[in-house]
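Have a look at the structure below, then the notes.
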Amino acid sequence: MMLRVGKSESIDQTKFDTYFRRILESGVVTNHGQLVRELETKICEFVGVKHCVVVCNATVAIQVVAIVLGLRGKRVIVPSFTFPATAHALAWIGAEPLFVDVDLSTHNIDARSIESSDLNDASAIVAVNLWGRPCDIVALDELSNAAGIPVIYDSAHAFGVAVDGRRIGTFGRAEVFSFHATKFFSTGEGGAIVTDDDALAESCRQVINFGAGVSGGDLVGTNAKMNEISAAFGLTMFDEIERMRDRNRFIYQVFKGALRMITGVEVIEMDAPGVEQTYHYMLIEVDGVIRDDLVRWLSDDGVACKRYFCPPCSELPPYASTARACSNSVSLSKRLVSLPMGAQMDSRAIDHVCGSIERFMKL
Ligand code: T4K
């Protein structure tokens with residue numbers, strides 16, 4: 001029997017029960033138990049990275065990496081078009097997000113909009129692989145090397161994605177994944193820090209456990225551990241990754257074929273040369289004048305769609321008065337609609353969504 005977990009997936013209940021029984025038998029429910037260790041090993045092998053530290057969510061993962069890299073009180077370059085967690089995580093630890101605009105076609109941080117004064121002012125770049133579409137990693141590497149500051153990737157959307165045969169999770173100084181219930185791979189709530197840097201991994205491991213073992217320095221610990229039940233979800237779901245990818249690819253293609261026939265709707269392309277996708281997001285772009293009405297129409301018609309991300313981060317109240325204008329981010333925030341994706345979608349559901357959009361566009 002398959003057990004529904006979150007928005008996009010279902011897992012094998014028998015396998016989950018086996019893991020769950022191991023938790024009950026061991027009596028260990030948290031504090032880096034056996035299942036968490038197994039999950040970390042599997043993620044390292046799958047991603048092709050030396051260290052994985054699983055945590056309770058990706059927001060805290062960003063904070064932990066930022067604290068370990070000494071970013072408290074420092075400026076950090078971030079894209080203005082992302083989920084608020086990217087910027088809030090940094091602001092929460094006392095870093096200052098320095099927003100830069102994104103590229104209109106990739107929706108990712110535009111290396112060309114990072115000015116040399118930004119690089120002089122900033123102590124790190126946190127780039128986001130939005131929708132699982134990889135950033136311009138080469139350009140970001142060049143900037144990071146030239147400025148002598150690290151790049152950290154917020155890869156909350158990108159677990160399972162590869163570029164030119166190399167998995168997301170192996171780039172920059174460290175990368176962060178989200179395993180939230182709305183993600184391709186889920187542990188309910190959860191996340192991971194992945195890195196090849198031995199010292200960084202060791203410090204992250206200490207910081208997520210109240211700073212235990214930290215000697216000297218000013219590293220402040222927190223509690224960011226993943227528990228064993230979440231790890232059991234993750235371990236059960238691991239065996240489903242390729243099936244989920246194939247299923248999502250199929251849904252994406254059916255969706256794309258149907259949406260392309262509707263005048264006024266542009267599908268956000270997930271396929272790119274050299275990129276192995278998970279097809280976790282199904283996004284369309286429409287005229288900004290009608291976008292909010294379309295979202296209301298779809299919601300009234302039972303379609304779980306979202307205005308990701310509106311407003312852009314740089315226009316959120318904590319940042320709006322100081323952030324620079326990011327016109328591409330504003331434009332995207334007015335035009336994008338995220339459609340339902342994953343296990344909940346079959347051909348009838350896709351027909352319903354596309355039919356509803358078509359009727360709206362003909363009004
Ligand atoms: N960086 C980036 C770039 C991110 O996008 C995120 C999170 C983070 C960092 C931080 O990661 P975490 O700290 O969360 O690990 C959701 C998620 O809560 C959030 O994790 C995610 N990004 C963001 C993009 O989406 P909401 O408020 O938009 O989700 P919500 O509750 O409206 O759910 C979306 C759809 O999924 C709805 O149609 C309902 C459905 N759903 C949701 C849940 C929670 C289910 O079917 N089952 C469920 O259990 O934020």
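The values are calculated or read from the model by the stated rules, or taken from the named source; none is laboratory data. Just so it is clear, the structure is predicted and the values come from calculations on it, not from any experiment. Cβ sites come from the backbone with ideal geometry, for glycine too, and all protein chains shown count toward neighbours. Ligands, DNA and RNA are stripped out before the accessible areas are found, and what is left, the full protein with its side chains, is counted by its heavy atoms. Shrake-Rupley method; radii C 1.70, N 1.55, O 1.52, S 1.80 Å.
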Checklist outcome for this item: With the first residue restricted to region 11-23 and required to be touching a residue at least 24 places away in the same chain (Cβ under 8 Å), and the second required to be not in a helix (DSSP H, G or I), Cβ contacts under 7 Å at 6 or more apart or on different chains are 11/2; 11/3; 11/5; 11/240; 12/2; 16/3; 23/29
Next on the checklist: Please list, ordered by residue number, the helices (runs of 4 or more DSSP H) wholly in region 180-285 having 1 or more residues that are in contact with a Phe, Trp or Tyr (Cβ under 8 Å, 6 or more places away or on another chain).
Outcome noted: 228-238, 241-259
Item to check | Pairs with Cβ under 6 Å, 6+ apart, first in region 176-189 and in contact (Cβ under 8 Å) with a residue 12 or more places away in the chain, second hydroxyl-bearing (Ser, Thr, Tyr) and outside any strand (DSSP E or B) | outcome: 177/155; 179/186; 179/187; 184/278; 187/230; 188/230
Item to check | Sole exception among (1) touching a strand residue (DSSP E or B) at 6+ places or on another chain (Cβ under 9 Å); (2) open to solvent by less than 30 Å² (accessible area, probe 1.4 Å); (3) not in a strand (DSSP E or B) for residue 356, by number | outcome: (1)
Checklist entry - Which ones in region 136-151 are of a type outside the set (D, E, K, R), open to solvent by 10 Å² or more (accessible area, probe 1.4 Å) and not in a helix (DSSP H, G or I)? => result 148, 149, 150
Item to check | Selection from region 187-208 of residues that are farther than 16 Å from residue 71 by Cβ, buried (at least 24 other Cβ atoms within 10 Å of the Cβ) and more than 8 Å from the ligand (Cβ to nearest atom) | outcome: 187, 192, 194, 208
Item to check | Some residue of region 118-132 being charged (D, E, K, R) and either assigned to a loop (DSSP other than H, G, I, E, B) or free of Cβ contacts under 8 Å to residues at least 24 places away in the same chain (or both) | outcome: no
